[in-house]
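Asker: Got a structure for you, questions after.
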Amino acid sequence: MQKKLWIILAMVFVIPGLLFTASCSKKAVKEDTSLSQQAEDEAAEKARQEELARQRAIEEARLKEDAIQKAKDNFLNEDIHFEFDSATLTPNAQEILKTKAEWLQNNPNGKSTVEGHCDERGTLEYNLALGERRASSVKSFLVDLGIPASRLITISYGEERPADPGQNEAAWAKNRRCHFTLN
Amino acid sequence: MRNCWIKIFGLIVIISFWAVPGVSRAGYDYVDISHPFLRKIPMAVPLFTKVSSGHETDQLSESAPDLLAETLEFTGFFKLLDREAFLVNPQTDATFVSVNFHDWTSIGAELLVTGGVLVQDNLVEIELRLYDTFKEQLLVGKRYKGQVADIRKIIRRFCSEVIYTLTGDRGIFNTEIAFVSTGTGNKEIYICEFDGYNPRQLTHTKNITLSPAWSSDGEWLAYTSYAKGKPDLYIKNLRGNRGYVVAKKGINTTPAWFPNKFELAATLSFSDDPEIYLLTGTGKIIKRLTYNKGIDVSPTWSPDGKSVAFVSKRSGTPQIYIKNLDSGQVKRLTFEGRYNTQPSWSPRGDKVVYSGMENGHNNIFVVGIDGQGLIQLTHNEGDNESPSWSPDGNLIVFSSTREGPSRIYVMTSYGTDQRRLLVLKGRQTEPKWSPRMVNK
């Protein structure tokens, strides 16, 4: 009987002790885990942030590149248009040329060729001279905006290279133009 | 050796027989120089008499008179009568020996050309005679000998005799026409004979090539080409490989040779403004001819070289002006219309032909150098551009889109007898009639 009591006592004290120990040790383990977990999380968060930043940077670079490319595309693709038998720059043409001047200033290394073109209605020899006048009007305007003349070359194609082969006012309007290329 | 001799000279005029007294000079009144196309002279060209036999003789006795008739008809002076209406056939009747003029006057022929053909050892001998059927007179008779392949040269040489006898002028049968064609995919310069025969490509620039211009002796051709990427002026010797290039900044265009000199006018824009300059044949600037801010382009010389007509935008629209080089005075020639370009000064010196735009279409006009007597030569048939005079001043070659793509046409200086010169692949533009070739 006495012996049984001891066992019970032992169980009362030892088992909780064991339990305590166990729980204690378990708690220690648990604390350890949470510490490393936190570090891990922080690292992950940092990595995520870094990744985000990197992606943002890429995105920004891409946007910037896009903007640069777009500006370049605009510079190359947006033509200056003229009235029939005229080399006078319209207000709209002047606005476009200001953007082109800006681009040339932001990209100070390249040289550009200004091509002068005409519609097919005039006669060929006169149109070669008219195309030349158109290209040189554009060049003078850009030089007045501070672009060095040495960066701009003019060439007249007269009516030889229409942008639109059509024989209607819409095509002719498209063909009376100055077009930019980069050298 | 003998073949070589024939090759060098092409053909040999054996003899000019029957110098009929008083005929060669008295003949000038056949064609009214002041208005030669008002009344065409009825002419009969029967088939040629066969002096030899054989396939080649048979062929030539038909093809040679056809060619002769076509060649003379090209001038616009003659109305060729239909052979169906002829009362006699010289191939069978003995007309060649003695002409019964009544056979010809009764069908309305005022002029008659007869011929006899003999072929032997690939050499052809042709005798040709021009008669006035009403006066019952031989006006000119010639006998030619050459290779069968030279038949075209022989016929043309006799046609020149015919025209000389009737007008006192040597005509245009030894001239050529330079023009631009896109047959290869690029604009290149071609040359054909006056009647469109034998077109051949002259330039092979594989780029845009434009505006041919003949020197007065026919030895040089100047033109603009983008061969090196921009419009430069090329001055090319047609017999050899010699040549010069004017490659100044800007455009180097619209060459026009000074009469009988190795000098030419051209439009250069190295000063940023297209102006006309006088250059040496080697391309060096002699002097500037126009002074005006804005376009000055397309010079054409008066035959005496004292004046130059050109296009200028000085009054706001492209119009034709004449500058007298002695006085320096410039006067405006065209006042009708808002777009008058491409002037060409007539060889007789009295007129300028040009293209004028009206309602969006170009047509050809001719005006006296005093600004009087404006006549429109083309009407309601596509765009008609780039007129150029034949060296005798009787015909005008031009380009037209009347049948779709631009082609080369010829008309008389009064706008009559408009006909297409030739059919080639691509579009043909900017025809320029050559001077008379001395060695052709």
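The values are calculated or read from the model by the stated rules, or taken from the named source; none is laboratory data. Everything numeric here is computed off the predicted structure, so don't read it as measured data. Here the Cβ is made from the backbone with ideal geometry for all residues, glycine too, and neighbour counts use every protein chain on show. Side chains included, ligands, DNA and RNA excluded: accessible areas come from the protein's heavy atoms. Shrake-Rupley method; radii C 1.70, N 1.55, O 1.52, S 1.80 Å.
Asker: Apply the Karplus curve 6.51 cos²θ - 1.76 cosθ + 1.60, θ = phi - 60°, to the phi angles in region B:293-304 and return the couplings in whole Hz, x for Gly and Pro.
Answerer: Result, ordered by residue: 6, x, 6, 10, 7, 6, x, 8, 8, 5, x, 8 Hz.
Asker: While we're here: Summing Lys, Arg as +1 and Asp, Glu as -1, what charge do residues with Cβ under 11 Å from the Cβ of B:Tyr321 carry, B:Tyr321 excluded?
Answerer: Details: positive: B:Lys313, B:Arg314, B:Lys323, B:Lys331, B:Arg332; negative: B:Asp296.
Counting the neighbours of B:Tyr321, the net charge comes to +4.
Asker: While we're here: Shielding by partners for A:113-124, please: the mean number of other protein chain Cβ atoms within 10 Å of each residue's Cβ. Before the final figure, lay out each step's value.
Answerer: Working: counts 2, 0, 0, 1, 0, 0, 0, 1, 6, 6, 18, 14.
If you average over the peptide's residues, the count of other-chain Cβ atoms is 4.
Asker: What is the interface area between chains A and B, defined as buried accessible area summed over both chains with a 1.4 Å probe, reported in Å² to the nearest 100? Walk me through the numbers on the way to the answer.
Answerer: On the way: alone 12520 and 19570 Å², together 29890 Å².
Interface area, both chains combined: 2200 Å², rounded to the nearest 100.
Asker: Let me ask something else about it. Let me know the Kirkwood hydrodynamic radius for region A:80-182, please, with Cα pairs as the basis and the value in Å to one decimal.
Answerer: Values: mean 1/r = 0.0737 Å⁻¹.
By the Kirkwood definition, the hydrodynamic radius is 13.6 Å.
Asker: Using a 1.4 angstrom probe on heavy atoms only, work out the carbon and sulfur share of the accessible area of the protein assembly as shown in %.
Answerer: Working: 15880 of 29890 Å².
C and S fraction of accessible area: 53 percent.
Asker: Per residue of region B:64-80, in order, report the coupling 6.51 cos²θ - 1.76 cosθ + 1.60 (Karplus, θ = phi - 60°) as ³J(HN,Hα) in whole Hz, putting x for Gly and Pro.
Answerer: 5, x, 4, 5, 5, 5, 4, 5, 5, 5, 4, 5, x, 7, 10, 10, 7
Asker: In nm, to one decimal, how far is the modelled label at B:Asp66 from the one at A:Gln167, with both set 7 Å along Cα→Cβ?
Answerer: Here the answer is 3.4 nm between the modelled labels.
Asker: Within 10 Å of each Cβ of A:129-140, how many other protein chain Cβ atoms are there on average?
Answerer: Details: counts 18, 5, 3, 11, 8, 0, 4, 6, 1, 0, 1, 1.
Whole-number average of other-chain Cβ neighbours for A:129-140 is 5.
Asker: Working only with C-alpha atoms, what are the Rg and Dmax values of region B:176-433, expressed in angstrom?
Answerer: 17.0, 47
Asker: At a probe radius of 1.4 Å, what is the per-residue accessible area of B:Leu374, in Å² to the nearest 10?
Answerer: We get 80 Å² for B:Leu374.
Asker: Continuing with this model, one more query. Given the DSSP H assignment, sum -39500 (n - 2.57) over each helix run of at least 4 residues in the protein assembly as shown and divide by its residue total; what's the result at 222 nm in deg cm²/dmol, nearest 500? Please list the in-between numbers first.
Answerer: Working: 9 runs with 174 residues, N = 623.
For the protein assembly as shown, the value works out to -9500 deg cm²/dmol.
Asker: Now, a different point. Hey, what's region B:176-433 come to in accessible area per residue, 1.4 Å probe, Å²? Can you show the working numbers first?
Answerer: Values: 9670 Å² over 258 residues.
Per residue, region B:176-433 has 37 Å² of solvent-accessible surface.
Asker: Rounded to the nearest 20 Debye, what is the dipole magnitude of chain B about its Cα centre when Lys and Arg each give +1 and Asp and Glu each give -1 at the C-beta? Intermediate results must be reported in sequence, preceding the final value.
Answerer: Values: 51 positive and 46 negative charges, 399 e Å.
Magnitude of the dipole: close to 1920 debye.
Asker: Taking the highest mean first, how do the peptides B:265-275, B:134-144 order by number of other beta carbon atoms within 10 angstrom per residue?
Answerer: Values: B:265-275: 23.0, B:134-144: 17.8.
In decreasing order of mean packing, B:265-275, B:134-144 become B:265-275, B:134-144.
Asker: Measure up B:Lys249/B:Lys432; A:Lys72/B:Lys206; A:Lys139/B:Lys432; B:Lys79/B:Lys153; A:Lys72/B:Lys187 against 28 Å on the Cα-Cα distance and list the ones that go over. Before the final figure, lay out each step's value.
Answerer: Working: B:Lys249/B:Lys432 26 Å; A:Lys72/B:Lys206 31 Å; A:Lys139/B:Lys432 35 Å; B:Lys79/B:Lys153 23 Å; A:Lys72/B:Lys187 32 Å.
Violating the 28 Å limit, Cα to Cα: A:Lys72/B:Lys206; A:Lys139/B:Lys432; A:Lys72/B:Lys187.
Asker: Which one, B:His204, B:Thr167, B:Ala247, projects farthest toward the positive side of the charge dipole computed for the protein assembly as shown from Cβ point charges (K/R +1, D/E -1)?
Answerer: Farthest along the dipole direction, towards plus: B:Ala247.
Asker: Please give the direction-averaged projected area of the C-alpha convex hull for the protein assembly as shown, in square nanometres with one decimal.
Answerer: Numbers: hull surface 209.1 nm².
Orientation-averaged projected area of the Cα hull: 52.3 nm².
Asker: Here's another thing I want to ask about it. Please list, ordered by chain and number, the residues whose modelled amide H lies under 5 Å from the amide H of B:Asp383; skip anything fewer than 5 residues away on the same chain.
Answerer: Close amide H contacts, sequence-distant or interchain: B:Thr401, B:Arg402.
Asker: In whole Hz and in residue order, list the ³J(HN,Hα) couplings for region B:412-426 that follow from phi through the Karplus curve 6.51 cos²θ - 1.76 cosθ + 1.60, θ = phi - 60°; x for Gly and Pro.
Answerer: Using θ = phi - 60°, the values come out as 6, 5, 9, x, 8, 6, 6, 8, 6, 7, 7, 10, 9, 4, x Hz.
Asker: Give me the accessible area of B:Val397, 1.4 Å probe, in Å² rounded to the nearest 10.
Answerer: 0 Å²
Asker: Right, something else. Run the quick spin-label model on A:Ala43 and B:Lys206: label points 7 Å from Cα toward the beta carbon, then report their separation in nm to one decimal.
Answerer: Inter-label distance under the simple model: 6.4 nm.
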